[in-house]
1. Tally time: how many residues in the stretch 570-595 are acidic (Asp, Glu), open to solvent by 10 Å² or more (accessible area, probe 1.4 Å) and more than 10 Å from the ligand (Cβ to nearest atom)?
2. Thr611 fails exactly one of the following numbered conditions: (1) touching a Lys or Arg at 6+ places or on another chain (Cβ under 9 Å); (2) open to solvent by less than 10 Å² (accessible area, probe 1.4 Å); (3) of a type in the set (Ser, Thr, Tyr). What is the number of that condition?
3. Assess whether Gly598 counts as being farther than 21 Å from Cys419 by Cβ and either within 13 Å of the ligand (Cβ to nearest atom) or out of contact with any Gly (no Cβ under 8 Å at 6 or more places or on another chain) (or both).
4. Out of Lys171, Lys139, Lys159, I need the residue that is out of contact with any strand residue (DSSP E or B) (no Cβ under 8 Å at 6 or more places or on another chain), over 30 Å from Leu494 (Cα atoms), at pLDDT 95 or above and of a type in the set (D, E, K, R). Which one?
5. Determine which member of the set Ile42, Ile72, Ile115, Ile125 is closer than 27 Å to Asn23 by Cβ and either under 17 Å from the mean Cα position of the chain (by Cα) or in contact (Cβ under 8 Å) with a residue 40 or more places away in the chain (or both).
6. Looking at Glu715, Glu689, can you tell me which residue is part of a helix (DSSP H, G or I), assigned by TED's automatic domain parsing to the domain that holds Leu546, open to solvent by 20 Å² or more (accessible area, probe 1.4 Å) and within 25 Å of Ser638 (Cα to Cα)?
7. Going by the structure shown, is Glu452 in contact (Cβ under 8 Å) with a residue 60 or more places away in the chain, of a type outside the set (Gly, Ala, Ser) and open to solvent by 40 Å² or more (accessible area, probe 1.4 Å)?
Amino acid sequence: MMNLEIEKQLTSLCGKTLKEASNQEIYHALLLYVQSESKKKIQKEEGRKLYYISAEFLIGKLLSNNLINLGIYEDVKEILNNSGKNLADLEEMELEPSLGNGGLGRLAACFLDSIATLNLLGDGIGLRYHFGLFHQNFKNNLQNETPDIWLSDDCWAEKTDVTYPVMLAGKEVKARLYTIYVTGYEGRTNRLNLFDLDTIDESIVEEGICFDKSKILENLTLFLYPDDSDEAGRLLRIYQQYLMVSAGAQLILEECHKRGSNYHDLKDYAAIQINDTHPSMVIPELIRLLEEKGIEFEEAVEIVEQVCAYTNHTILSEALEKWPVSSLEKVVPQLMPIIKKLDEVARKRSDNENTAIILNDVVHMAHMDIHFSHSTNGVAQLHTDILKESELADFYALYPDKFNNKTNGITFRRWLIACNPKLCAFIESLIGKGFHKNASELEKLLDHVNDEKVLGELIQIKKHNKHQLNVWMKKKQGIELNEDAMFSIQSKRLHEYKRQQLNLLFLIHQYLEIKNGHKPSVPLVSIFGAKAAPAYTIAKDIIHALLTLSNVFNEDEAVKKWLQIVMVENYNVSAAEKMIPACDLSEQISLASKEASGTGNMKFMLNGALTLGTMDGANVEIAQAVGNDNIFIFGASSKQVIERYQKNDYCALDWYESDPNLKRAVDFIISDEMLSMGNEENLRRLHHELIHKDWFQTFPDFNAYLVRKGQAMEEYSRDEKLWAKKALINIAHAGFFSSDRTIEEYNRDIWHLH
Ligand code: 26W
C-alpha cells in the first residue's frame, strides 16, 4: 500500500514512469518527495527552542539518511528495483556539501540528527558556503585544492524569501536565509538555517581556490575558513562570522517574539549553544539588538548570559580565536563599544588580568564566551579536566559552577544503520532493533561473545566490507587493495598533533625490517584520509612523504605483498562511510592531552574495529568502556606530556641520536629512494622539522607505538576468532557514544527544553 502510494507520487513528480525516467529525473523527484514528507513532520513551536550556532555543519549526503529517518528506505529501494533502477546509483549522484573541516562540523550534524530524533525543538544556524572547504586531489604526490562544488538544481538547501539586514564595515547588506530540513529518526523535523548573500560571484575564483579577498560582497561565503595567513584572509573570517551571528541573532529574536517573548523573558524562549569561538560575536550582537529594542545594557547582559552556553573543542592555542581590536573596528565598528563595556564588566568581576577580554589590544573570544554564558563545556572527560586544571584554570576558579563535561557522541543512524547495512542487519538478528533509538541495548551483544557462529559471521561481514572498499577504491582511484591484509585506517584532518607522521615513521620502519628479511606477522594495508589546511606547510609535507613512500612500496615487488599505503583523495563524510566499516585497526594516535575528544574513534569502534591509541580525548573513555584487553593503548600520558611542555626540556635531537631504529626511520625520509620519487624541498623540510622541533613529541612515543602495533598485528594474524570477539565487545560497549546520550545530557544540564 505504502509502496503504491510512493510510486504514484514519484511517477507524478517525474512526469513519466520510473522505468522511462533517467536517474537524474528520479533523483529530482525523490528530493521533492522527501522534502514534502519532511515538512509534514514539522511540529508547532512551543516553549523554549534551541539554536545551535556553528560555522560548520558537515552534514554529508542527505538522501539515504532522510529516507532512513522517514522510515521509507526499504520501500523506496524496492520500488526502484522493480523498475530496474538502483538506489545506490542515485546515492552516488548526490553532491556532498563540504561545509566543515572535521570533527566539530560533523559533531554539529550528528547533534541535529539526535535533537530531531529525541523530538526536541532545535535548529542549526550557519553559513551557506558555495564551495565548502575545498576539493582535494593529488598531483605529483602533492595536495592540490580546487573548489568543491555542491550547489546545483538538485540541492537540499531551499532558498527562502526571508532576509535580514546586516551592517558590514558600515555598509548594509542583505543576508538571505536558506533552509535544509533536518529529519529525526521516527521523529520530528527541524531546520538547518544557512545564510548567504545574493551578491556572491563564483566567477571571481581564479586558479585553484585563489580569489580577491578584498571583494567582500562577491566572496564572503565562497569558502569555509579561507586562508587566514594574511590580513585580508583574517578580515574575511570576521566578516563571515558576523554575517552568521547577526542574521542568526535577528532570526532568533524574531522567532521568539512571534512565539510570545517580550525579550525580557528571552530565556524562556531560547537557548543558544555557541559551537567553539567562531560564533562568539553573537554575544555582543544580541546585546546590541536588545538595546535597540529598548533594554538597558545591564539587563541585556543578564539576558544573554542566561540564554547562551559555550562549547570548547580544543586547547590548541592557535585555535582559540583572538581578534585584534583594529580588525574588529574595521569590520564591526558597532560591536566594539559593547565589547569594551563587556571587558569592563569582566574586569569588575575579577581582578585577575588573565580573565580580561581585551588584552594588549586583542579581543579574546573564548574569554567573552565564558564570562557571558551560563555554561562552558569540554567535549570529553579528560579534555574538560584539562580545561579546568590548566588551560582555563583562572576561569574555573571564578565560575566553578559554569564548567561541565559533555562527552561527544555520533549518530548511529548514519554511522551504523546507513553505512554498514550488513552489520546492522546481523545485530538486529541477534538483539532486535531496539538499539536504533536506545543505543545501550547494544550491550545485549555481550551474551554472544563466545558464540563461534556469531564470531564467524562477524568475520565474514568485515571481509565483505573490505571487499566493498576495494571495489570503491578501484573505481575512484584505480588502486587495488590486498583484501587479505589487515586494514589499519587513520582518517581525520591532517595536523601534527594527530601525528600522521608517527604512522609514517612506523611504515618506514616496517619497510626497512622487511628489506632486512624480517617479515611482519600479517600483510598490512595502511589507509589514510586527510585534508591539510592550504597554508599549513608541514601538514602538506607529511602528505607528500606518505604519497612518496607509497610509491616506494609499490615499486618494490618483494615489499608490495606485505605493505601498502593508500591515500584516499578528498576525504569527506561519504568516503568515511565506505572506509569505517572496512577497518580492522583504528589509529587514534594523537599526542596525549591534545585531541579534545575525537569522534572517528567512536565510529570505528561501533563498526567493529579495535583501537590503537594513546590515552587522549575520548580514547580514555573508550578504554574504560571496553577494558584494557580489548584496546591497544600506548604512549606517554597527558600528565607526562603536560609536564614536558611545562619544563620545556623536550629535545627531539637527543631522542633521535640515542635510538638507532628511530634515527634510521627518520633519515629514510631523505634517503635516495625517497628523493628519487619525491621533492627534495618537502622531504628535507619535514626531516628538519622532526629532528629540530617535533613539537608534538612523536619521538618519545615511537618505540611504544612500534611494539603495540606489532602486538596488534600479531594477535590479528594468530587468532581471528579472538580478534572478532574483541571487536564484538567493542560494538557492545559503543552505546555510550551515541549522540542521543550526549544530547540528552545537554538538554538535562544546559538547555532544559520541553
Ligand atoms: C582557527 C579556526 C579553527 C580552529 C580549529 C577552525 C576549526 C578548528 C578545528 C577544526 C575544530 C575541531 O574540529 N575540533 C575538533 O572538535 C571535535 C568535536 O568536538 C573533537 O572531537 C576533536 O577532538 C577536535 O579537534
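The values are calculated or read from the model by the stated rules, or taken from the named source; none is laboratory data. Computed from a prediction, not measured in an experiment: that's the story for all the values here. So basically every Cβ, Gly included, is an ideal-geometry build from the backbone, and we count neighbours across all protein chains shown. Remember, those area values only see protein heavy atoms, side chains included, never the ligands or the DNA or RNA. Shrake-Rupley method; radii C 1.70, N 1.55, O 1.52, S 1.80 Å.
1. Of the stretch 570-595, the ones acidic (Asp, Glu) are 577, 584, 587, 595.
Subset that is open to solvent by 10 Å² or more (accessible area, probe 1.4 Å): 577, 595.
Pick out the ones that are also more than 10 Å from the ligand (Cβ to nearest atom) and you get 577.
Total meeting the criteria: 1.
2. (1)
3. Numbers: farther than 21 Å from Cys419 by Cβ: no; either within 13 Å of the ligand (Cβ to nearest atom) or out of contact with any Gly (no Cβ under 8 Å at 6 or more places or on another chain) (or both): yes.
So Gly598 does not fit the description; no.
4. Lys171
5. Going through Ile42, Ile72, Ile115, Ile125 in turn, just one is closer than 27 Å to Asn23 by Cβ and either under 17 Å from the mean Cα position of the chain (by Cα) or in contact (Cβ under 8 Å) with a residue 40 or more places away in the chain (or both): Ile72.
6. On the way: Glu715 fails: within 25 Å of Ser638 (Cα to Cα).
Sole residue among the options that is part of a helix (DSSP H, G or I), assigned by TED's automatic domain parsing to the domain that holds Leu546, open to solvent by 20 Å² or more (accessible area, probe 1.4 Å) and within 25 Å of Ser638 (Cα to Cα): Glu689.
7. Here the answer is yes, as Glu452 does meet what is asked.
Matching residues to (1) open to solvent by less than 20 Å² (accessible area, probe 1.4 Å); (2) touching a strand residue (DSSP E or B) at 6+ places or on another chain (Cβ under 7 Å); (3) assigned by TED's automatic domain parsing to the domain that holds Gly102:
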| position | (1), (2), (3) |
| --- | --- |
| Thr11 | no, no, no |
| Thr17 | no, no, no |
| Ala29 | yes, no, no |
| Leu32 | no, no, no |
| Ser54 | yes, yes, yes |
| Leu70 | no, yes, no |
| Glu74 | no, no, no |
